[in-house]
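The structure appears below as structure tokens.
Just so it is clear, none of the values below were taken in a lab; they were calculated from the coordinates. The structure displayed is predicted, hence computed values, not measured ones. All Cβ positions, glycine included, derive from the backbone under ideal geometry; neighbour counts span all protein chains shown.
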Amino acid sequence: MLLDESSLWPGKKFVITNIVVSQTFLKEHPNAVEAVLRASVETDKWINAHPDQAKAAANKQLEADSGKALPADVLDPAWKSIRITDDPLASTLDTEAQHAVEAGLLKEPKLKGIYDLTLLNKVLESEGESTVDDAGLGVE
């Protein structure tokens with residue numbers, strides 16, 4: 001391993017993937033969006049409760065998609081570094097964008113309004129989980 005990127009972040013957490021829909025789609029299909037979010041929260045809960053089964057399933061899918069599974073000496077240490085969370089870690093998106101600006105990869109992005117966590121927080125509350133924060137990047 002050349003660098004464990006998590007060592008560069010507070011709490012060793014940073015955003016990699018977010019579920020994204022347009023505001024138009026969200027307004028027209030809130031039930032569909034909520035269903036996807038509910039499925040994601042339930043899946044994340046299952047992965048965290050069954051890490052060995054999740055790792056095996058992921059490797060099986062990698063094999064199906066690429067023709068080759070990852071060997072245990074590659075997959076096991078990589079899997080240990082993955083943190084599955086329902087929190088979009090909004091503050092890290094802003095930081096990542098600033099890093100990209102500083103590196104000359106992006107012009108200053110307008111991230112205000114990029115998050116609408118209303119339905120995600122509704123799902124999390126219904127599951128007895130803590131709600132998440134948009135770090136000031138939410139819709140008004």
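If you go through the stretch 20-42 and pick out every residue that is touching a residue at least 24 places away in the same chain (Cβ under 8 Å) and within 23 Å of Leu111 (Cα to Cα), you end up with 6.
With respect to the conditions (1) surrounded by 13 or more Cβ atoms within 10 Å (Cβ to Cβ); (2) in contact with a strand residue (DSSP E or B) (Cβ under 9 Å, 6 or more places away or on another chain), Asn18 falls short on a single one, namely (1). Those helices (runs of 4 or more DSSP H) of the stretch 43-140 that lie entirely within it include none in which at least 2 residues are without any contact (Cβ under 8 Å) to a residue 60 or more places away in the chain, exposed (fewer than 12 other Cβ atoms within 10 Å of the Cβ) and touching a strand residue (DSSP E or B) at 6+ places or on another chain (Cβ under 8 Å).
Does the stretch 36-49 contain any residue that is in contact with a Phe, Trp or Tyr (Cβ under 9 Å, 6 or more places away or on another chain) and not hydrophobic (A, V, I, L, M, F, W, C)? No, the stretch 36-49 contains no residue that is in contact with a Phe, Trp or Tyr (Cβ under 9 Å, 6 or more places away or on another chain) and not hydrophobic (A, V, I, L, M, F, W, C).
Can you find a residue in the stretch 24-34 that is part of a helix (DSSP H, G or I) and in contact with a Lys or Arg (Cβ under 8 Å, 6 or more places away or on another chain)? Yes, that holds for at least one residue.
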